[in-house]
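What follows is one structure encoded as structure tokens, with my remarks underneath.
The values are calculated or read from the model by the stated rules, or taken from the named source; none is laboratory data. None of the values given here were measured: they were computed from a predicted structure. Cβ sites come from the backbone with ideal geometry, for glycine too, and all protein chains shown count toward neighbours. Each accessible area value is taken on the protein alone, full model and side chains, heavy atoms only, with ligands, DNA and RNA left out. Shrake-Rupley method; radii C 1.70, N 1.55, O 1.52, S 1.80 Å.
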Amino acid sequence: MNLILESAPTTELFDSFVVPNYARFPLMIERGEGAWVWDEAGRKYLDFGAGIAVCSIGHCHPRVVEAMSRQLGLLVHASNLYYTRPQGLLARKLVELVGLAGKIFFCNSGAEANEALYKLARKFGNETVPAPPGHTVGELTEQQRSRRQIITFTGSFHGRTLAGIAATGQEKVKKGFEPMVEGFTHVPFNDAPALLGAMDGDIAAVLLEPVQGESGIHPASADFLRTVRSICDDYGVLLMFDEVQCGLGRTGEWCGWRSIAPEVTPDAISWAKGIAGGFPLGAIWVRDRPLTLKSGGTVSLADLLGPGTHGTTFGGTPLVCAGALEVLRIIEEEGLLENARRLGTYAKEALIELGSPLIAAVRGLGLMLGIELVADFAARAGAGARAPSLWLVDRLHEAGMLTIPAGTHTIRWLPPLNVTREEVAQAVDILAAVLEKAV
Ligand code: PLP
């Protein structure tokens, strides 16, 4: 074992002691305030990644620091064997924001929130009578049918657990981890006829990101969302939205899908990332909807994950719930949904107006923007063998700005929802200068 002193550079500590599963950029981030972070050398960066859509109200918002400090001195953790008030209050708030009767389960991350959705779908498919009654698919009778498949979409990302990579519609996350967890079928995104073609008696649920994030910010079309809902109704299967990245204000609405097709109602939603402004928290909302049990009697979908069926030690601690409650109140009281819509439009227009020959498209909703680079970017900009998105993210770091790559040709802008117009203008100027130098 090498002798590495405590005073060794941060990169050396990582090289020696941290599993190398992340391809990290050579930046040592030390502190943050609002939409800005500073590295160990004291250099300042405009943070348009916000920890991949996590720091929804910027870094170290004084109200969150205060609320969490207060809770820190009162009670950090008590176990889910007991009741704690901040968890109850946060659940109430989230149900109110969805605006439909339902209940919340808390966990610690997006992958875990989606695991809860998969388990909800399995229980639904195994233990409840398919609805609508009288609708038979294939040869099976209503009572015989156990529905065990979940349909997800190509280009999707649902997390890095074993079931998460099986659910994810991208081969690269599965490689080396075979065999895959059974029960997931992928269908092309935004392709309703393909979904219809994949429906059979074995489907329990359809899971989709209303705006695909990791694959480069691809919103579902309104028609697609409406048709998916009606297909799910026809076949009596659950419609579940993964709003881990696009939810809770990112698109300019509390519910990301409402930026696209507000009238569509899902049966379940997963959240994480921005929910607690940077503290680890995941959650699902489950709709209050009556179901018939195969064993007899009825149950609400919201109560299907009953006592003993699911759980996690840390889910919904008083500390994280107090922080998340304050984050959601700030978004509400500071008008940050409106800010996300207004500045998202402003950013999109300003980026298009640049007319850069290196930008192929600007996509997105609210402050969830994807800037797609032209196919021959590497040749035009002299980016060499490095993926154009990574090359550009590196150049933007040098210019004092953080952004997030998506695939080989897209960079994402996911700034805090309380970013200012001046900061957005500054970001546009930084990108413009870097692109100008590149051509
Ligand atoms: N779902 C979506 C849409 C995501 O974007 C992510 C993370 O990027 C996840 C799930 C996984 O979340 P986590 O990294 O918190 O497990």
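Yes or no, residue by residue, for (1) within 16 Å of the ligand (Cβ to nearest atom); (2) modelled with pLDDT under 95:
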| residue | (1), (2) |
| --- | --- |
| GLN87 | no, no |
| LYS103 | no, no |
| CYS107 | yes, no |
| GLU115 | yes, no |
| LYS119 | yes, no |
| THR136 | no, yes |
| ARG145 | no, yes |
| THR154 | yes, no |
| GLY159 | yes, no |
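Taking the listed residues TYR45, TYR83, TYR22, the one that is within 30 Å of ILE430 (Cα to Cα) and open to solvent by 100 Å² or more (accessible area, probe 1.4 Å) is TYR22, with no other qualifying. Determine whether region 175-183 contains at least one residue that is open to solvent by 10 Å² or more (accessible area, probe 1.4 Å), within 16 Å of the ligand (Cβ to nearest atom), outside the structural domain of LEU365 (by TED's automatic domain parsing) and closer than 25 Å to GLU112 by Cβ. For region 175-183, residues open to solvent by 10 Å² or more (accessible area, probe 1.4 Å), within 16 Å of the ligand (Cβ to nearest atom), outside the structural domain of LEU365 (by TED's automatic domain parsing) and closer than 25 Å to GLU112 by Cβ: present.
For region 373-387, give me the residue count where each residue is open to solvent by less than 60 Å² (accessible area, probe 1.4 Å) and either closer than 28 Å to LEU417 by Cβ or among the charged types (D, E, K, R) (or both). Spell out how you get there, then give the answer.
So the first thing to find is which residues in region 373-387 are open to solvent by less than 60 Å² (accessible area, probe 1.4 Å), and the list is 373-374, 377-378, 381-384, 387.
From the residues that got through so far, the ones that are either closer than 28 Å to LEU417 by Cβ or among the charged types (D, E, K, R) (or both) too are 373.
Number satisfying all stated conditions: 1.
Is it the case, given these coordinates, that VAL206 is away from the ligand (no atom under 16 Å from the Cβ) and either surrounded by 24 or more Cβ atoms within 10 Å (Cβ to Cβ) or not assigned by TED's automatic domain parsing to the domain that holds SER156 (or both)? In short, no.
The residues listed here are VAL419, VAL393; of these, the one that is part of a loop (DSSP other than H, G, I, E, B) and buried (at least 17 other Cβ atoms within 10 Å of the Cβ) is VAL419.
Listed here are the residues, each with its yes/no results for (1) of a type outside the set (D, E, K, R); (2) over 21 Å from THR251 (Cβ atoms).
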position	(1), (2)
SER56	yes, no
VAL64	yes, yes
MET68	yes, yes
GLN71	yes, yes
GLN87	yes, yes
LEU94	yes, no
GLU112	no, yes
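Taken over region 44-86, the criterion of being part of a loop (DSSP other than H, G, I, E, B) and among the hydroxyl-bearing types (Ser, Thr, Tyr) is satisfied by SER56, SER79, TYR82, TYR83, THR84. Remark: pairs (first residue in region 244-267, more than 15 Å from the ligand (Cβ to nearest atom); second residue open to solvent by 10 Å² or more (accessible area, probe 1.4 Å) and of a type in the set (S, T, N, Q); Cβ separation under 7 Å; 6+ apart in sequence or on different chains) = GLY252/SER259; GLU253/SER259.
Can you name the residue in region 89-101 that is in a loop (DSSP other than H, G, I, E, B) and on the phi < 0 side of the Ramachandran plot and is also nearest to the ligand (Cβ to nearest atom) among such residues? Steps first, please.
At the first step, the residues of region 89-101 found to be in a loop (DSSP other than H, G, I, E, B) are 99-101.
Of the ones still in play, those that are also on the phi < 0 side of the Ramachandran plot are 100-101.
Details: LEU100: 21, ALA101: 25 Å.
Out of the qualifying residues, it is LEU100.
With the condition kept exactly as written, say whether any residue in region 302-316 is open to solvent by less than 60 Å² (accessible area, probe 1.4 Å), within 16 Å of the ligand (Cβ to nearest atom), of a type in the set (A, V, I, L, M) and assigned by TED's automatic domain parsing to the domain that holds ALA222. No, region 302-316 has no match at all.
Within region 410-433, the residues that satisfy the criterion of being of a type in the set (A, V, I, L, M) and out of contact with any Lys or Arg (no Cβ under 8 Å at 6 or more places or on another chain) are ILE411, VAL419, VAL424, ALA425, ALA427, VAL428, ILE430, LEU431, ALA432, ALA433. If the condition is being touching a residue at least 40 places away in the same chain (Cβ under 8 Å), among the hydrophobic types (A, V, I, L, M, F, W, C) and not in a loop (DSSP other than H, G, I, E, B), then region 225-243 contributes LEU238, MET240.
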